[in-house]
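Novice: I'd like to ask you about the structure that follows.
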Amino acid sequence: MGLFDFVKSVGKKIGIGDDEPSADALKKELDSHKLGTENVQVVVEGDKAVLKGNVTNQEVLEKAIIAVGNSLGISKVETEGLKVDEVTTGSVAKEPVFYTVKKGDNLWKIAESQYGKGKGAKNTLIFEANKPMLTHPDKIYPGQVLRIPELG
């Protein structure tokens, strides 16, 4: 898929001490969300997390990226070695759409910026697309990266 950027100095603190979490700590955090990432390995190279293995679908892939990337000390997530099982023959996995939260943002504003004016009520789609990492629609913070699902 590619390489995805995150803000290294913000996010959930994983592990003890150092700003850069260990691969084991990131894998434990990823698995704690029960996304279906049992077949995903995590390797840490400096402040970059590399995800390898298999996931069942595009949604799990995108959630794995933000679950690991929104960790304090991680600035990039690489997914070249991560395969999506559910990609049908002849089709190509879609490039995920992510949004980095800015100061003063809320999900309503983000929905209007991503989906168009008058579509703020679609903020519930963004909230649902980011569960279980998001536990409440008001608990977002500047620098956090969110999945932006397609309007269906």
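The values are calculated or read from the model by the stated rules, or taken from the named source; none is laboratory data. Source: prediction; values computed, not measured. All Cβ positions, even for glycine, are placed from backbone atoms using ideal geometry, and neighbour counts span all protein chains on display.
Novice: Among the residues of region 97-134, which ones are part of a loop (DSSP other than H, G, I, E, B) and of a type in the set (V, I, T)?
Specialist: Within region 97-134, V97, V101 meet the criteria.
Every residue, every condition in (1) over 22 Å from E29 (Cβ atoms); (2) under 17 Å from the mean Cα position of the chain (by Cα); (3) in the same structural domain as E59 (by TED's automatic domain parsing), yes or no:
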site: G104; (1), (2), (3): yes, no, no
site: S113; (1), (2), (3): yes, no, no
site: G118; (1), (2), (3): yes, no, no
site: K122; (1), (2), (3): yes, no, no
site: L125; (1), (2), (3): yes, yes, no
site: N130; (1), (2), (3): no, yes, no
site: M133; (1), (2), (3): no, yes, no
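Novice: Just to be sure before I move on: is S113 at pLDDT 95 or above and farther than 20 Å from K34 by Cβ in the structure I sent?
Specialist: yes
Yes/no matrix, rows are residues, columns are (1) of a type outside the set (G, A, S); (2) farther than 23 Å from K102 by Cα; (3) assigned by TED's automatic domain parsing to the domain that holds K131:
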| site | (1), (2), (3) |
| --- | --- |
| K12 | yes, no, no |
| S32 | no, yes, no |
| G36 | no, yes, no |
| G46 | no, yes, no |
| E59 | yes, yes, no |
| G69 | no, no, no |
| I74 | yes, no, no |
